[in-house]
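See below for the structure under consideration.
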Amino acid sequence: MKRKVLSLALALVLLLALISVAVTGTSAGVTLGIPKTQYAEGERVWVTVTGITQEMINNRSWVGVYTVGGAASAYWKWAYVKTVGTEIIPLDLPRELGTYEIRFVPR
């Protein structure tokens, strides 16, 4: 049985049964990172967010999984940033094939 896989990368070409996910939406001084390039459908991805300030926490900034090019309100999963400096945030990926991106949303 062929295993469907989600592929997370900064720049990865869409391949048969693989999904490309970009890391986008960084704010001044904020960077996002992911630990590997392939994930199973619905798997949890651990997103490293660096450069978080107290103001971002106070304003309830967050990180989310989106369909590429989707509206800001069209997120799949999201989580608020809660730690000044660096935080590792778990996000569950969709169970549907498609093209997704991880965004930092400053508030």
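Report, by residue number, each residue of the stretch 84-104 that is under 15 Å from ARG60 (Cα atoms), charged (D, E, K, R) and over 9 Å from the mean Cα position of the chain (by Cα).
Matches in the stretch 84-104: GLU87 only.
Among the listed residues ALA79, ALA71, ALA9, ALA17, which satisfies the condition of being at pLDDT below 95 and surrounded by 14 or more Cβ atoms within 10 Å (Cβ to Cβ)?
ALA9
Anything in the stretch 72-101 that is within 14 Å of GLU43 (Cα to Cα) and among the β-branched types (Val, Ile, Thr)? List them, or say none.
Listed by number, the list holds a single entry, ILE89.
Test THR53 against the stated conditions and say whether it is exposed (fewer than 14 other Cβ atoms within 10 Å of the Cβ), at pLDDT 70 or above and not hydrophobic (A, V, I, L, M, F, W, C).
no
Checking the condition of a type outside the set (Lys, Arg) and free of Cβ contacts under 8 Å to residues at least 40 places away in the same chain, which residue from GLU55, GLU96 passes?
Of the residues listed, the single one that is of a type outside the set (Lys, Arg) and free of Cβ contacts under 8 Å to residues at least 40 places away in the same chain is GLU55.
Filtering the stretch 82-107 down to residues that are in contact with an Asp or Glu (Cβ under 8 Å, 6 or more places away or on another chain) and of a type in the set (A, V, I, L, M, F, W, C), which residue is modelled with the highest pLDDT?
Top of the filtered list is LEU93.
The values are calculated or read from the model by the stated rules, or taken from the named source; none is laboratory data. Owing to the predicted nature of the structure, the values given are computational and were not obtained by experimental measurement. Cβ sites come from the backbone with ideal geometry, for glycine too, and all protein chains shown count toward neighbours.
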